[in-house]
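First up is the structure itself, then whatever we jot down about it.
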Amino acid sequence: MYLAACVQLRSTADVERNVIEVERLIRRAAGYGASLVATPECTVYLGPWDERARIAESLDGPLASHFGALACSLGIHLLIGSFPERVLSADGSPDLERTYNSSLLFGPDGRLLCSYRKLHLFDVDVPGGVSLQESRTTLPGDEVVTCDTALGTLGLSICYDLRFPELYRALVDRGAELITIPAAFTLDTGKDHWHALVRARAIETQSWVLAPGQWGRHGDQGIRRSYGHSLIVDPWGAVVAECGDGEGLCLAEIRRDRVQAVRRGIPVAQHRRL
């Protein structure tokens, strides 16, 4: 058993401000005894997508190294929910128009244990609601990623991936017992779909789910609003911790034996026909 925390942020285009705020909350979570701390999608930057490539870095760049050092100093597993990873062109030069949207998992020694590039990109035009085209500035990943750690096997995903249950089945097939879903779910879709989808992924995979989210208006323009309500959900689908409005934390005890108990009670993996 160990304590896990979801960090809820209101990131903007101000990278320095975002890093200061998320570090404050990560340190606070570690101070409560959390062994695993997860932050939302777009942790270090949530502003005009056309400008993301400007601050993109490689996975051994200054920002990633900073978070690795922070994980080491606190002795925690730290998931930076998403990070603008630099794309290299065929000649090795940085792509100035596109990035990967990547999750980074650091171990308590500061080492980067694994990274995951978001598979499903958010290209939607909801009538009367949100209209975004992530693929214009982001390249999709092409790998399903799980990571074996001292806390168990973690399965990684990001935000819009949540709507594709086949990804979560693939994560469980690769041994995942805790799944991370860092997000910047829009207010329009989040108020109707967020809780239902996160709980569904926990129920069907019989896994713990950590879903840290962005909240509120992002920047002075006030066009982009995120739903928040970061969640920790148990393998039965029960919400065991939830953030309200504003930046902050939610924490819960993760019992690895709970996964096995639920899977023994309803052995869906043995009953699959497809």
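Values quoted throughout were computed directly from the atomic coordinates according to the rules given, and no laboratory measurement underlies them. Only a predicted model underlies this, so the values are computations on that prediction, with no experimental measurement involved. Glycine also receives a Cβ, built like all others from the backbone with ideal geometry; neighbour counts cover every protein chain displayed.
Annotations for the structure displayed:
- Karplus (6.51, -1.76, 1.60) ³J(HN,Hα), θ = phi - 60°, over segment 58-74, in Hz, Gly and Pro reported as x: 6, 6, 10, x, x, 5, 4, 5, 4, 5, x, 5, 5, 4, 5, 5, 9
- Mean separation of Cα contacts under 8 Å (6+ apart) over length of segment 1-96, as relative contact order %: 31
- Relative to the longest principal axis of the Cα atoms of the chain, helix 15-31 runs at roughly 20 degrees.
- Taking each residue as 0.36 nm, the span from residue 256 to residue 32 lengthens on full extension beyond its C-alpha to C-alpha distance by 78.7 nm.
- Percentage relative contact order, the chain, counting C-alpha pairs under 8 Å, at least six apart: 20
- Multiplying the residue separation of residue 24 and residue 166 by 0.36 nm and subtracting their alpha-carbon distance yields 47.6 nm.
- Mean ellipticity per residue at 222 nm, deg cm²/dmol - from DSSP H runs of n ≥ 4 across the chain, formula -39500 (n - 2.57): -8500 deg cm²/dmol
- Between the helical axis of 256-265 and the longest alpha-carbon principal axis of the chain there is an angle of about 60 degrees.
- Over all pairs of different C-alpha atoms in the chain, the reciprocal of the mean inverse distance, the Kirkwood hydrodynamic radius, equals 18.4 Å.
- Using C-alpha pairs below 8 Å separated by at least 6 residues, the relative contact order for segment 25-178 is 18 percent.
- Beta bridges by DSSP in the chain, antiparallel share as percent, to the nearest 5: 70
- Residue with peak Gaussian network fluctuation, the chain [Cα springs, cutoff 10 Å], from 157, 65, 35: 65
- Long-range amide H partners of residue 114 with built H, under 5 Å: 105
- Distance in nm between pseudo-label sites at residue 268 and residue 135 (7 Å out along the Cβ direction from Cα): 2.8
- Multiplying the residue separation of residue 150 and residue 217 by 0.36 nm and removing their Cα-Cα distance gives an extension gain of 20.5 nm.
- Once exposed loop trypsin sites (Lys or Arg not before Pro) are cut out (DSSP; at most 16 other Cβ, 10 Å), longest piece of the chain: 1-110
- A simple spin-label model places the labels of residue 109 and residue 193 4.1 nm from each other, with each point 7 Å out along Cα-to-Cβ.
- Here the 3J(HN,Hα) profile of segment 162-178, calculated from phi with Karplus coefficients 6.51, -1.76 and 1.60 at θ = phi - 60°, is 3, 7, 10, x, 4, 5, 6, 5, 5, 5, 5, 4, 9, x, 4, 10, 9 Hz, Gly and Pro shown as x.
- Inter-label distance for residue 50 and residue 95, nm, one decimal - labels placed 7 Å from Cα along Cα-to-Cβ: 1.9
- Over segment 46-149, the pair-distance histogram of Cα-Cα distances with 10 Å bins from zero comes to 15, 40, 31, 12, 2 percent, rounded to whole numbers.
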